[in-house]
Amino acid sequence: MNEKERPNIEQTASNGSAGRKQPLLVLIGPTAVGKTRMSLDLAKAWNAEIISGDSMQVYRGMDIGTAKIAMDEREGIAHHLIDICEPEYSYSAADFQTNATQAIADIAERGKLPFIVGGTGLYVESVCYGFQFADIGSDEAFRLEQERYAAEHGAEALHARLAAIDPAAGKRLHPNDLRRVIRALEVFHMTGETFSDQQAGQSKESPYELCIIGLTMDRAKLYRRIEERIDLMMEQGLVDEVKELLERNLPPQAVAMQGLGYKEIAEYLRGNCTLEAAVELLKRDTRRFAKRQLSWFRHMKDIHWIDMEQNFHNNLITIHDIIAGKFQVNLEYTSNQSF
């Protein structure tokens, strides 16, 4: 698409003559489904800047395990909320919502289309629908008690506590996601209301003119892609990347060390398992994570699902048509057009 054909999306923003909401393009899907390649093509076509919707890509020094797109692979597209904090910091969904909301405003101010791309469901949904994060504070003594319980009885036992009081959160959160399991327990401890009930009460009205594209594919094929990606991560030096993080003496419960790839390889480096066992565990955990991602997204509304097993070029044309229709932009695409 050349400059003459490029749609003038910013004219449909809330400060435009029509008084419409700010357009926001969103691309979601499970890990390894192909979001990165698709996002670059869409960003170039729609004059967009990308906001990473990944909870781990915010951390510096965590590149391989998060499948972070390198600078020389971004094809001139601006990317936001990547490498914005150190692994010692406990970055949260509320932090993301604040940062992403500001990024959306800044991008729109420059006449570009804000474009969230990522797979962390709560992060993305919190921005799309303006979730309110209650400031209920914290109970450090309670947190320490839960951490000691997990250390003594195992993460599965602590997770069972959560599943007993909040089955929905128990199903959504992995037992190894210790920080979020403890936070969900803490919310119930301090308010008497489950985390899931609080989320269910959130508004589903968006402050934006949303166009959400979801990518999916056959489960078996997706799992093969996940395993191939992990094999590539190992070749690229994931073990050395995790070793460097451990040398910073990050506590095991640090958010960064709960990320897929980091907690499994850390167990190997601590001498608790073989490298082969760590890699197999990582593949299994990532497959399960992808399943949870799809489960989360399928509870969101207004998603246009695209089967990535179909022809990529045809899928791209379909997505362009969806975006043009949603944002009411007069732009025609033909099957022989070059993108």
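The values are calculated or read from the model by the stated rules, or taken from the named source; none is laboratory data. Note that the structure is a prediction, hence the values are computed from the model and not measured. Neighbour counts are summed over all protein chains in view; Cβ atoms, including those assigned to glycine, are modelled from backbone coordinates with ideal geometry.
Here are a few things to note about the model shown:
- Selection over the stretch 98-151 of residues that are in contact with an Asp or Glu (Cβ under 9 Å, 6 or more places away or on another chain), among the hydroxyl-bearing types (S, T, Y) and buried (at least 17 other Cβ atoms within 10 Å of the Cβ) gives a count of 3.
- Extreme residue, farthest from V26 (Cα to Cα), among residues of the stretch 90-104 that are touching a residue at least 60 places away in the same chain (Cβ under 8 Å) and of a type outside the set (S, T, N, Q): Y91
- Conditions (1) surrounded by 13 or more Cβ atoms within 10 Å (Cβ to Cβ); (2) within 21 Å of T31 (Cα to Cα); (3) at pLDDT below 90; number of the one not met by L331: (2)
- Residue match in the stretch 204-213 (condition: of a type in the set (S, T, N, Q) and surrounded by fewer than 20 Cβ atoms within 10 Å (Cβ to Cβ)): yes
- Of all residues making up the stretch 96-120, the number that are farther than 11 Å from I51 by Cα and part of a strand (DSSP E or B): 0
- Among the conditions (1) modelled with pLDDT of 85 or more; (2) aromatic (F, W, Y); (3) within 22 Å of the chain's Cα centre (by Cα), the only one that Y149 does not satisfy is (3).
- In the stretch 176-202, residue modelled with the highest pLDDT [restricted to those that are in a loop (DSSP other than H, G, I, E, B) and surrounded by 15 or more Cβ atoms within 10 Å (Cβ to Cβ)]: T194
- Boolean, E147 is in contact with a Leu (Cβ under 9 Å, 6 or more places away or on another chain), charged (D, E, K, R), farther than 30 Å from K301 by Cα and outside the structural domain of L25 (by TED's automatic domain parsing): yes
- Counting only residues that are in contact with a Ser or Thr (Cβ under 6 Å, 6 or more places away or on another chain) and assigned to a loop (DSSP other than H, G, I, E, B), the stretch 70-95 holds 2 of them.
- The test for being assigned by TED's automatic domain parsing to the domain that holds I226, touching a residue at least 24 places away in the same chain (Cβ under 8 Å) and under 15 Å from L210 (Cα atoms) holds for C128.
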